[in-house]
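Notes follow the structure.
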Amino acid sequence: MSKVCEVTGKRAMFGNNVSFSINKTRRRFDVNLSKKRFYIPEEDRWVTMKVSAKALKIINKKGISAVLKDAKLNGLVK
C-alpha cells in the first residue's frame, strides 16, 4: 500500500536535513495519513479509505458523497 491520500492525492515529499555545519542529507516528509471508515447513505455501505488530515476537513465540510464524486472525476478513486 502506498502512502497516498485517496481524496487529495497528497504523497511524500523529499528534502534535506541540514546540520549546523550545513551538511545536507536527504530525508522524506511523509503525509499525515489515517485509515478511516465512512458510511455512504446513498449506496447503504461502508467504505474504508486512507485520507490525510486535510481530506478529513474537506469531508466534514462537503460530505463524503460529494468528495467521492470529485475524487472519481479527478481519477483518484475507482
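Only protein atoms count toward the accessible area here, which uses a 1.4 Å probe; on the chain, the carbon and sulfur part of that area reaches 53 percent. The slack in the chain from THR48 to LYS69, taken as 0.36 nm per residue of separation less the alpha-carbon distance, amounts to 6.0 nm. The radius of gyration of the Cα set in the chain, together with its Dmax, comes out at 16.4, 58 angstrom.
What the chain shows is 78 Å² of accessible area per residue, with the surface traced by a 1.4 Å probe over protein heavy atoms. Rounded to the nearest whole Hz, the Karplus-based 3J(HN,Hα) values (6.51 cos²θ - 1.76 cosθ + 1.60, θ = phi - 60°) of the range 29-35 follow the sequence 10, 6, 7, 7, 9, 9, 8, with x at glycine and proline.
Ranking SER21, SER52 from most to least accessible surface, computed with a 1.4 Å probe over the protein chains only, gives SER21, SER52. For the chain, averaging the sequence separation of C-alpha pairs within contact (under 8 Å, six or more residues apart) and dividing by the residue count gives a relative contact order of 30 percent. A straight Cα-to-Cα reach below 27 Å connects LYS61 with the lysines LYS3, LYS10, LYS35, LYS36, LYS50, LYS69, LYS72, LYS78, residues fewer than 8 places away in its own chain not being considered. In this structure, the amide hydrogen of VAL31, modeled 1.01 Å from its nitrogen in the peptide plane, lies closer than 5 angstrom to those of ALA12, counting only residues at least 5 positions away or on a different chain.
Only protein heavy atoms count here; on that basis, with a 1.4 Å probe, ASP30 has an accessible area of about 90 Å². When nucleic acids and ligands are ignored and a 1.4 Å probe is applied, LEU76 ends up with an accessible area of around 70 Å².
The values are calculated or read from the model by the stated rules, or taken from the named source; none is laboratory data. Note that this is a predicted model, so its numbers are computed, not measured. Note: accessible area is taken over every heavy atom of the protein model, side chains too, but ligands, DNA and RNA are not part of it. Shrake-Rupley method; radii C 1.70, N 1.55, O 1.52, S 1.80 Å.
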